[in-house]
Amino acid sequence: MLFNSAVFLVFFAGFLLLYYLVRHSLAARNALIVVASYAFYGWWDWRFLSLLWISSLVDYAVGRALEPPRPDRHRRAWLALSLIVNLGLLGFFKYYGFFVDSFIALLDRLGLDAEPRLLRVVLPVGISFYTFQSLSYALDVYRRQLTPTRNLVSFLAYVSFFPQLVAGPIERARHLLPQFERTLTLTRTQLVTGVWLILWGMFKKVVLADNLAPLVELVYGQPAHAAPLVALGTIAFAFQIYCDFSGYSDIARGLASVLGFELRLNFNLPYLATNLREFWRRWHISLSTWLRDYLYVSLGGNRHGPSRTRLNLLLTMLLGGLWHGAAWNFVLWGLWHGIGLLVHRWWSERPRATPLPQPEPHPAPGRQEPTPPQPPNPLARQLLAWSLTMLVVGYGWLLFRAQSWADILTLTSALAQWSVPPWFASYALNLAAFTLPLILMQSWQATTKDLLAPLTLPAWTRALLQGCLLTAIVLFWRKDSTPFIYFQF
Amino acid sequence: MKSHQCEFNAADLLAAVAPPLLPLLLFAAAMHLGAASGRLPAPRPILDADRTILLHQAEASRQPTPAAVLLLGDSSCLMDVWAPRLQTALDQPVLNLGTLSYLDLPSLALLLEQYTAANPGRTPLVVLLMHPESLRLAGLPAYHAAVLRHYLAGRDAPPTGHLLARFDRILGLDIFRGRLWTRLVPSPLPGEFGRAYGFTWDLWRSLDQHAGSAVDPHRFDPTTARGNAEYRLAARLETESRIFRQRLPPHTRLAVGLTPAPESFVLPDHSATCRQILAQWGAWLEADALLTQLPATRPAAEFASVTHLRATGAQRFSADLASLLRPLLSSVTQPSAPDNTRPAPSGLPLQLLHHAWPQDAPTTGPLP
């Protein structure tokens, strides 16, 4: 079931009514959420509900088994069970075809003719998200950072909570699970915030991302263009994927908010980052922190010297890339960002050639206090840093969106060619039309340092703004609802 | 334990949800008022490839254009005949008003009526070209014909049968799209068409520049081609053809032909079938000439699809068509013969029917 479909509107309206009716019973509320979430997920393919159950039940059982007192040896064995089941499901359903195909391609290159009987496995929607969410519970309990829950229904609701089930944010049990075990207070602020987030998220998806998609397809569908079009196509994709994914996250947070729940922020103006490290603190925050806490730290983090730190960072980004999809271009994308982060680390930690002059500790009485030393032209430096970061991120999107090695080579070599098709002006006009609203909104959010800046407007101005968003959503709503990009991950 | 408690009342809920609806209603009212009062620009919903082609041809039919040859027909007429090539070969102005397979013959007659009204005193040679595939379609969706009629009448496009389309109409969304958005931002075309033409505005411009002709950028793959190659005339065509004939302006000379199919796709007796189809259809249309010598098939490499030629194929087909039309045009521009027994020019590669050229009919103006 897609948020941007008519059937979801009916589903959510019905759910709200039942949610209101069960307001006196916490157990009934959680049971309702579980049933609704399974209906939401099963609408796509009910058979894959079994994977959701396996992942949830195993981690619930592991959580209970990890309860102290337990010897460490047993605890490790229980955690291993959780890892094997969750990563096994993910590995089989997401990566089986990829590794087998890659192996056959390798044999083919070696001149060996291999024609194995291949099993084509369907990728269950959202499997990467809910396995990570469920796994984080087992890991937190193992690390004694979380007391395991005894309430199975609460745990099932935590893993399957429909607003964020199929595309995140990837919640931590420490943050979300307690919300299923207490009475929620639904405030007017939460309601207003929820309505805003739903409208803004829907606007980003239905109006911006879905209208940028054909522009991206024009360039990436059959890549044979020159630099200007590849550049514009990549910019279009950068905006499309951001609007699509952050739109989903906003809708998820908005839906949760009107139900009284609070989900984590997943995007924080990532395209304003002035270095790659900052970009990853702003982009898909729930995944990058998951990878940091459970992968990078588990690999040793920065505790074993600079070389090992670099290796850990590279490995984390590589696996982060592979998490996005079972294809080599995602691995390359992860590697590209990993190398970028290493370069940034080297650059920011390099010894300065000329130390900045120190201010006098005690200026003489009557003397004007000297101005503190400033780096030369900070605005220009910031602009340069932002441009370089966006170039790296942009080329990363090219790797991410390309369909094959050949496409990557074609698009990259096209960057050295200069010609424009007769419809270039139409392309630029479309790109401007469907990116300008986002640029304006985010400039406002950045200037006010408030992602909910529109909520500070007077009531009638806010209503006008929301009305404009609603009109645009209705105007561009497609009856054949387009799925969110991150569903495939 | 309680599930949740609300710290707001029904009025707060209404205050959070209802206000955004107000601008939407104001928008709807503004659109309907604007359209009714004529304050908004006229409808021109060129929002996809089909409607761009259809409305371009409708617009072209309303322009004063001195065409000696006026091509009418389905999308194979649009894509298979490269009007600039034909124009060069004939040394006469040509206008291609080929449209879509979904348009019925009375709609094509409507285009011709528009042309005649915009070009009084001119009676060009009308060449009606269709693909056998279009001729066997048992029923056509009424939507495209309705779009054409509405456009020519200056009305907003009719809603489709979909429920959401009715909401579009009520909320004035189609008025906004068809009158304002279409003029503000061009719509991207999908797939190969997108890569070849880009956007709706660019397709429109290209049609303008090429006397109404377009090129199908696809490539026909004979190995994957599927479909029924048994062609026949649909029963509906008899009535439609008679209506078409009745609506032709007086003294209009009508030549009819079929566009080719890939050699690899058709049945062995395809050429004979085409001759039969053309003879029957020509009779229904009371055509003045049948272009029987047009090739019924071409090599698969020249095709974009079963029904459309690629650019190179269209060039060749246009040359073939020119060689058939040239003697026809020259014969009618010659001084009138004293009687109706004018023999067909030697080697004339077409079949003149009992409705011979109206040599004795008063012409309202010389052919350009």
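Throughout, read-outs are computed from the coordinates displayed, never taken from laboratory work. Values in this document were obtained by computation on a predicted structure and should not be read as measured data. Using ideal geometry, Cβ is built from the backbone for each residue, glycine included, and neighbour counts are taken over all protein chains shown.
Quick notes
- If the segment from A:L391 to A:R73 were pulled out straight at 0.36 nm per residue, it would be longer than the present Cα-Cα gap by 109.7 nm.
- Electrostatic tally near A:Y130: other residues with Cβ closer than 11 Å to its Cβ, Lys and Arg +1, Asp and Glu -1, net -2.
- Label-point gap, in nm, between B:L25 and B:R247 - each point 7 angstrom along Cα→Cβ: 4.3 nm
- Peptide B:182-194 has a mean shielding of 4, counted as Cβ atoms of other protein chains within 10 Å of each residue's Cβ.
- A cut-off under 10 angstrom between Cβ atoms defines the neighbours of B:P159, and their net charge, with Lys, Arg +1 and Asp, Glu -1, is -1.
- In units of the rule-of-thumb radius 2.2 N^0.38 Å, the protein assembly as shown shows an alpha carbon radius of gyration of 1.18.
- Extending 7 Å from the Cα toward the beta-carbon at both A:R308 and B:D48 defines two label points whose distance is 6.1 nm.
- Peptide A:466-473 - average C-beta neighbours from other chains (10 Å radius): 6
- Residues with amide H under 5 Å from that of B:T297, placed H, sequence gap 5 or more: B:A261
- Residue with peak Gaussian network fluctuation, chain B [Cα springs, cutoff 10 Å], from B:N119, B:N96, B:N228: B:N228
- Each DSSP beta bridge with both residues in chain B is either parallel or antiparallel, and the antiparallel ones are about 15%.
- Most mobile listed residue (B:L97, B:L71, B:L233) in chain B, GNM with C-alpha springs under 10 Å: B:L233
- Here chain B is treated as a Stokes sphere of Kirkwood radius computed over C-alpha pairs; at 10 °C and 1.306 mPa s its diffusion coefficient rounds to 71 µm²/s.
- Across all Cα atoms of region A:125-188, the radius of gyration (one decimal) and Dmax (whole number) stand at 11.9, 38 Å.
- Calculated on the Cα set of region B:131-197, radius of gyration then Dmax: 15.1, 42 Å.
- Near A:V216, once Lys and Arg are set to +1 and Asp and Glu to -1 for all other residues with Cβ below 14 Å from its Cβ, the sum equals -2.
- Region A:148-195 and region A:247-315: distance between their alpha carbon centers, rounded to Å: 19 Å
- In degrees, nearest ten, helix B:236-247 long axis to first principal axis of chain B (Cα): 80 degrees
- Taking a point 7 Å from the Cα of A:E262 along the Cα-to-Cβ direction, the residues of region A:184-215 with backbone N closer than 15 Å to it are A:184-194.
- Among A:I339, A:I473, the order by Cβ neighbours within 10 angstrom, fewest to most, reads A:I339, A:I473.
- Helix B:49-61 and the longest principal axis of the C-alpha atoms of chain B enclose an angle of approximately 60°.
- Spread of Cα-to-Cα distances over 20 Å intervals beginning at zero, given as percent, for chain A: 20, 52, 25, 3, 0
- Expressed in units of 2.2 N^0.38 Å, where N is the residue count, the Cα radius of gyration of region A:9-74 is 1.52.
- Antiparallel DSSP beta bridges within the protein assembly as shown, as percent of all bridges there, nearest 5: 15 percent
- Ordering B:I170, A:I198, A:I251 by the number of other Cβ atoms within 10 Å of each residue's own Cβ, fewest first, gives B:I170, A:I198, A:I251.
- Close amide H contacts of A:L186 (hydrogens built in the peptide plane, cut-off under 5 Å, sequence separation of 5 or more or a different chain): B:Q5, B:C6, B:E7.
- Between region A:428-451 and region A:227-242, the Cα center-to-center distance that results, in Å: 16 Å
- Taken one residue at a time, the phi angles of region A:286-303 give Karplus couplings (6.51, -1.76, 1.60, θ = phi - 60°) of 5, 7, 5, 6, 4, 5, 5, 6, 9, 10, 4, 5, 5, 6, x, x, 9, 8 Hz. Gly and Pro are set to x.
- Taking the square roots of 5 times each eigenvalue of the Cα gyration tensor of region A:1-183, largest first, gives ellipsoid semi-axes of 33, 25, 11 Å.
- Helix content alone sets the calculated 222 nm mean residue ellipticity of chain A: runs of n ≥ 4 DSSP H residues at -39500 (n - 2.57) each, divided across all residues, give -20500 deg cm²/dmol.
- Between region B:152-204 and region A:33-71, the Cα center-to-center distance that results, in Å: 46 Å
- Inter-label distance for A:S50 and A:A453, nm, one decimal - labels placed 7 Å from Cα along Cα-to-Cβ: 5.1 nm
- For B:R253, distant residues with modelled amide H under 5 Å away: B:V126
- Mean Cβ neighbour count within 10 Å, used as a protection proxy, ranking B:5-15, B:263-273, A:67-77, B:126-136 highest first: B:126-136, B:263-273, B:5-15, A:67-77
- Arranged from fewest to most other beta-carbon atoms within 10 Å of their beta carbon, A:F11, A:F40 become A:F11, A:F40.
- When all alpha carbon pairs of region A:154-223 are counted in 10 Å bins from zero, the resulting P(r) reads 16, 30, 30, 15, 8, 1 %.
- Against chain B, whose longest principal axis comes from its Cα atoms, helix B:270-285 is set at around 80 degrees.
- Membrane-span-like helices of chain A, defined as complete DSSP H segments with a Cα extent of 18 Å or more along the helix axis and a mean Kyte hydropathy of at least 1.6, are identified as A:6-21.
- Average beta-carbon neighbours from other chains, 10 Å sphere, peptide B:11-18: 4
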